[in-house]
Structures are given as structure tokens and as C-alpha cells.
Amino acid sequence: MRILFLLFTFTFSVFSFAQENEDAQKVDKYLDAAASFYYKQQYVKALNLSKKALSISLSTNDEYHLALSYNLIGTIYNDFSQTKRALNFYTKALAYANKVENDTLRLWIYSNIGNVYYYNENDTDFEKSILYYSKSLKLAEKLNDSLQITFIRLNIANAFFEIDKVDAGIAYIKPLSSYIESRKNTESIITYYDLLGKYYSIKGNNKDAEINFFNAINLAKEEEAAFQLHDLYQNLSDHYYNINNTHEGAKYHKLKMKFKVDFQSEERLDTIEQVATQIELDEYKYHFEQIELKNELQNQKIKVSRIIIVSISIIILILLILIYTLYRNVANRKRNHAKLFVANQELTEAKNRAEENAVLKSQFISTVSHELRTPLYGVIGLTNIILEENKNIINQENLQSLRFSTRYLLALINDLLEINKAEENKIILKKSPFNLEKEMAVIIKSLLFMADGNGNQLRVAIDKEIPKVLLGDEIRLSQIMMNLISNALKFTENGFVKIEAILISMQETTCQVELSVSDTGIGIKEEDHQKIFENFVQIERKHGDYQGTGLGLPIVKRLVSLFGGTIQVESSENKGTKFSFVIHLDYLDELPVDSSVKSEKSSMEKKLQILVVEDNKINQIVTKKIIERNDYSCTIAETGHEAIDILKTTAFDIILMDINMPTLDGYETTKIIRELGIQTPIIALTAFERSEVEAKAKEFGISGVIIKPFVPEVLFEMMDDLLNANNQDE
């Protein structure tokens, strides 16, 4: 009898092993369709589809699908008793299954090889079939696949029945009762009942034999299982003949013939023979292509090897050249290194000298400016005193010339200090609230005399959209505008100078403002547009001699860059000039409230007692005149020691302290005064640059710093602020 449906039918529900690509999916479809045709006994169609699947798998070297294809082809040839071919295909299937190390494939193929030895008409070998079934069973138990275990046990039992070892066979069937009762697989149930029928028939239990045979037949009818109905009617017919019931035996033998499949028809045999030949041709073609491919790869390897050998030779040659070049370079480098070492020493020495020179230059400028400012303070002060005390000579040309010369000399000193600070990056912008419109008004007012002198008009246009309260360094911004406006007035006669401020953009807390100064003066040649920003450069003018240091515009350029802008110039001869720049400024919605509110009555309204500590006689006279002209009392101390002695017995409202004094300078004098517990506000009157003394002055207890020469109003304003702050502290 035919045992069980052969174990390729379950392969097509477990394709998760296969690579999910287009070719693999096509092979899956062919194999599914082939299995379906096999079930319907349409073997030629099944075989042709299996061949197509095999052909694609060979071309893609898909070992998993090769195993499946060979397994199905082997099964078909086994049905046609083509034992030799079937074993050949199963052997190939097993080889590919071992390559992919797939136990499920291996158990199917072992079981199917067992079927070959079971059905071999010429050389049936049930012992070998049991051997291969047993191998398959071990793999099924390893995978814990209950369905496969059931089928294989039934196969083994059937083989034992064929060699009259029914007790050994029934031992494989009995453990399956619980699985059979679960009725998960009808095919296995049919076979189970069939084998029980055979067992009871052999044992002489005819009633139980017939019950099991009919149970199997009824289920096979429901499933329309033609294969199994043929074998079941054969087994039932044999049973009746064995108990001498020839009538029933003949009846079921006749029924068996309805389900007989003609495997030996000439047409089918020719077809499967042709297909087998085509499969062999496909395999030869595949192997031939593989050989050609290997040869091509070998040729490519040879070509690559040649290229590599040539490349290595070239590389070695290049390396030799490089080594020689390196050797020469090392020798040259040693020579150059020696030269560079000497040059580096010279450069280091030059750098040190340059740094020393820079320090000396800075010290020189600071010392010279101090030494010039000190007598200038006296000259400017005395000139002002003479003019104020003698109103009748105020218009004398000599005195006015003296006043102009002193102011010019002071401006020169300030410019030198400013450009020195800019070159050494010592200028740091401060942030304080200011109103641009008011600041411009102050600048214009201070330059009106200069405009009137050349018959010029000053025009101002401030954009109303510019925030009222800007945050920035108003002093540096004023310095920029003063330089530009005074330049414009100097080079313009009987014309006008326009100052303009335009809002470019506004963000949440910042804004961009364009400031410009344009005039109708003599203009600048195009080739001189960049020269004017160089230090000490004064371009030639046709219309007259214009005095100046040549430092104003370089200072402007450096200050504008600190504001994050770039100065632009537009000018042509005899048509005027325009300087413009854009700066970024923070802004506030309103002016911050000052927490230190001044008292309604200023401390300056009373007659103040002021101590002046100054060693220079002329400066003593000038400072004393400035103080007494404001109706305050003034006491002079020529040294620091004298000042300390006076303060031990007399109280003062304000102390004006010179910094540069012999024996005991202003810092040490202040330190001793503070150690005595005297908290009187001390204002340093010094000719040194503010940045040089401010930090140290604060450290020693000096309350404020005024740079000489100074405007008296600035001094009195600071005195007022300090006294009011002192009163609030008390």
C-alpha cells in the first residue's frame, strides 16, 4: 500500500527561511502551484513548474530553494517508480539542505528517501526505509514538530508491518493516540485508522479491523483523497480475502480500481523522461556557466595580479625616488634649520626690541603728555583768568592767538594719546543710556562758533523712529561726530554741513542706525579716499593751508570699528564730501530710574572749605582762582606731608589731590588720610591719562578723577555729586 503523502507538502508554509526578493517570491509561487497540481494528480504540470523553480534557483544560486525544488522533483519521479532518478534528486536536495543547515528540510528529505526504499519495485528494502525514517524522526523530535513526528511514526509502523513485525510497528502507533484524537490533521487520522485496521486483521480481530478500515475510508471520502482511497480499498479487499470472504473481497477490489492512477502511461513516461533530460541540460548549462564564471574570475585575478605587480613596481620606484628626495630634503632641512635658527633668534630679538619700543613709546607718550598738560593747565588757566579779569582786552588778537594755540596743543596731545590707545587695543566701549537727539544738540552748540567763523550753516535731521533711550558709549560716539563735523566745517566756506541719523532696522532689544555728515566743501580726490584714514597723513589742498595733526580720521575709523561698523566716504573735488557709517546699539523703552536721588538743596549752595594739594606754583594759582571765583574757601598744601598735618587739625568739605608729587605722591597721601579715618571726598587732579590712574586711584580711596586741563563746570559738578552722595550715606 501507499504509506503517507510524501513530505514535501509542508514546505510551502515555512518560507521565512528564504530571502525575500523578487526571484525567491517567483520560485515560491512556482513550487506552491506545482504542489497543488501534484495533489490533483496532474504530474506533468507539477513537474514542469518544479523545473522552472529549479532553473531560477540555479541562476540565483539560491541553495534553500534548490533543496525544495530537488525534493519535489524527486517525489514526482518516485511516484513514477523512477527510483534511480528520485534518489539522485533527493541526494542533491540533501546536499543543499546541509549547506543551509536547515533541519526541517533535512527531516523531509530523509523521510522521502525512506519512501524510495519502501516503494522500490525492483529492490524493496524496508530495513533501509526504517533507517532513513528514524533519521527523520530524530530531527522532528529535535524540532518538537508534532505533525512531522506523527507522519514519520506512521511510516515506520507501516514498514515494520511489511516485514511482519507488527508488534514493533504498533509500538510506534500507540503514543500517537492523543494527537490523533485532537483531529488536527485528517490525512494522519486516515493513515492511523488504516494501520490499526491492518494490525487487527493480522491479529484476527476482524470486527475491530473492519471498524478502523471503514473509519479511514469514510474520512478519505470526505477529503476526496484518491490516493488513500485506492490503498484503503486494497487493504480492505485483502482483509476479506484473508478471511475467505471472496464476495466482499472482490467488491472492494473493484472499487479500488476506480482510484487507480496510471503511472505507466506511455505519454506520461515520455514527458517525465523529457523533463528529466531538460533538468540535466539545465544543470550542465549552470555548471558550464559556473566554470566560465570561475575562468573569468581567474582571468580577472590574473589581470589584477599583473596590475598589482606593475603598481608595486611603480610604487617601489616612487618610494626609492622619495627616499632619495627625502634624504636630500633632510640634508637641506638641516642647513635651512641652522639658518632659520639664526633668523629666529634675530626675529626674537627684534620682537623683544619691538615690544620694548612699544612699551617705551607708550611710556614716552604718557610722560610727554603729562609733562605738556601740566604747564598747559597753567597757560590755559592763566589766559582764561586774564581774559575774565580784564574784559577790556578780551578782543586783543595776541591773547586770542594764545588761547587758540593752547587749545590746539591740547587737542594734539589728546589725539596722540587716543591713537596710541587705539593701536594698543586699550579702548573699551562702555554702555550707558543716552538720547541721540540731545547729544547731537550739545555737539552742534559747541561747534556753532566754528560754523560762524567760516560762514557755514549747520543742518540736523534726526529720524523720529530712533528710540529715545539708546545704550552705548556716548562719549566715543560724540568723539566720532565731533571729529567729522569739525572736519566738515574746516573744509567748507559759506556753505552748509548736514548731520543726519536714520533708523535702518529694529529688533526686540537692538537697532541699526546710520549716521552721516555731509558738506559742500572743497572735497577729496578719489585717489586720496583711503589715504585720509592713515596716521599723520594730510593730503594737499589747493584752496589754502588747513592745520591739523592728521589723526582725526584714523581715530574715527578705529572707533567706528569698535561700534561694529565701517566708515564710508563719498567725495569729489569741489562738490563736497559725505562720511557715513552704520552702528548697532541696544535701546530701552524708557530711561532707568536713578536710585540715588539728589536732595532738593545742593550741597554746593553753602560756602565750601577746599584743600588743594599741589606742588606746582602756577597750577596752585590757577586752581585757587577757579575755586575762589566760585566763592569757595581754598587752602593750599604743597606736599603730601603738609596736607596730612593740616587735615589732622582742620576739617574740609573737599580735597583736590595732585598725583605726581615728590617724596609722597597723591596715592600714598590718600592712603594715609584714609588710615586716619578721614572720609572727606578726594578728587585727583592729574595730567596723566584717565585709564592710567582710575583703577589705582579707586584702590587707594580716591573718590574721583579729573584730567588737567579741565573745564571748571566739570569739577564743580563732580564735587556736588560727591558731597550729595556723602550726605546721603551719613
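Between a first residue in region 34-58 that is at positive phi and a second residue that is part of a helix (DSSP H, G or I) and of a type in the set (Phe, Trp, Tyr), which pairs have beta carbons less than 9 Å apart while being 6 or more apart in sequence or on different chains?
Close Cβ pairs (under 9 Å, with a partner that is part of a helix (DSSP H, G or I) and of a type in the set (Phe, Trp, Tyr)) amount to GLN41/PHE227.
Being among the charged types (D, E, K, R) and under 19 Å from ILE152 (Cβ atoms) is the filter here, so list the residues in region 96-112 that pass it.
Residues satisfying the conditions are ASP103, ARG106.
If we keep just the residues of region 421-446 that are part of a helix (DSSP H, G or I) and modelled with pLDDT under 75, which is farthest from GLU692 (Cα to Cα)?
SER446
Could you grab me the full set of residues in region 33-61 that are within 54 Å of the chain's Cα centre (by Cα) and either hydrophobic (A, V, I, L, M, F, W, C) or modelled with pLDDT of 90 or more (or both)?
ALA53, LEU54, ILE56, LEU58
When you check TYR77 against the structure, is it within 53 Å of the chain's Cα centre (by Cα) and buried (at least 20 other Cβ atoms within 10 Å of the Cβ), yes or no? Spell out the reasoning first.
Numbers: within 53 Å of the chain's Cα centre (by Cα): no; buried (at least 20 other Cβ atoms within 10 Å of the Cβ): yes.
When the stated conditions are applied, TYR77 does not pass them.
Find the helices (runs of 4 or more DSSP H) located wholly in region 86-171 whose residues include 3 or more that are closer than 22 Å to GLU63 by Cα, and list them. Don't jump to the end; show me each part of the working.
Details: elements: 103-119, 126-143, 146-162.
Those helices (runs of 4 or more DSSP H) span 103-119, 126-143.
Of everything in region 711-729 that's hydrophobic (A, V, I, L, M, F, W, C) and touching a helix residue (DSSP H, G or I) at 6+ places or on another chain (Cβ under 8 Å), which residue is surrounded by the fewest Cβ atoms within 10 Å (Cβ to Cβ)?
PHE716
Failed condition for GLU63, given (1) over 25 Å from THR150 (Cβ atoms); (2) crowded, with 24+ Cβ neighbours inside 10 Å, with all others met?
(2)
Does region 507-531 hold any residues that are touching a residue at least 12 places away in the same chain (Cβ under 8 Å) and over 29 Å from LEU448 (Cα atoms), and which are they?
Within region 507-531, THR509, THR510, CYS511, GLU526 meet the criteria.
Of all the helices (runs of 4 or more DSSP H) wholly in region 613-693, which have at least 1 residues that are surrounded by fewer than 17 Cβ atoms within 10 Å (Cβ to Cβ), in contact with a Gly (Cβ under 7 Å, 6 or more places away or on another chain) and in the same structural domain as LEU723 (by TED's automatic domain parsing)?
In region 613-693, the matching helices (runs of 4 or more DSSP H) lie at 617-629, 666-675.
Give just the number: which of (1) modelled with pLDDT of 85 or more; (2) part of a helix (DSSP H, G or I) does GLY204 not satisfy?
Looking at each condition in turn, GLY204 falls short on (2).
Take ILE499 and decide whether it is assigned by TED's automatic domain parsing to the domain that holds GLN457, part of a helix (DSSP H, G or I) and not basic (Lys, Arg).
Spelling it out, it is not the case that ILE499 is assigned by TED's automatic domain parsing to the domain that holds GLN457, part of a helix (DSSP H, G or I) and not basic (Lys, Arg).
If I ask for residues that are within 14 Å of LYS198 (Cα to Cα) and touching a residue at least 40 places away in the same chain (Cβ under 8 Å), which ones from region 152-185 would you list?
Within region 152-185, LEU154, ASN155, ASN158, ALA159, PHE161, GLU162 qualify.
The values are calculated or read from the model by the stated rules, or taken from the named source; none is laboratory data. Only a predicted model underlies this, so the values are computations on that prediction, with no experimental measurement involved. Glycine also receives a Cβ, built like all others from the backbone with ideal geometry; neighbour counts cover every protein chain displayed.
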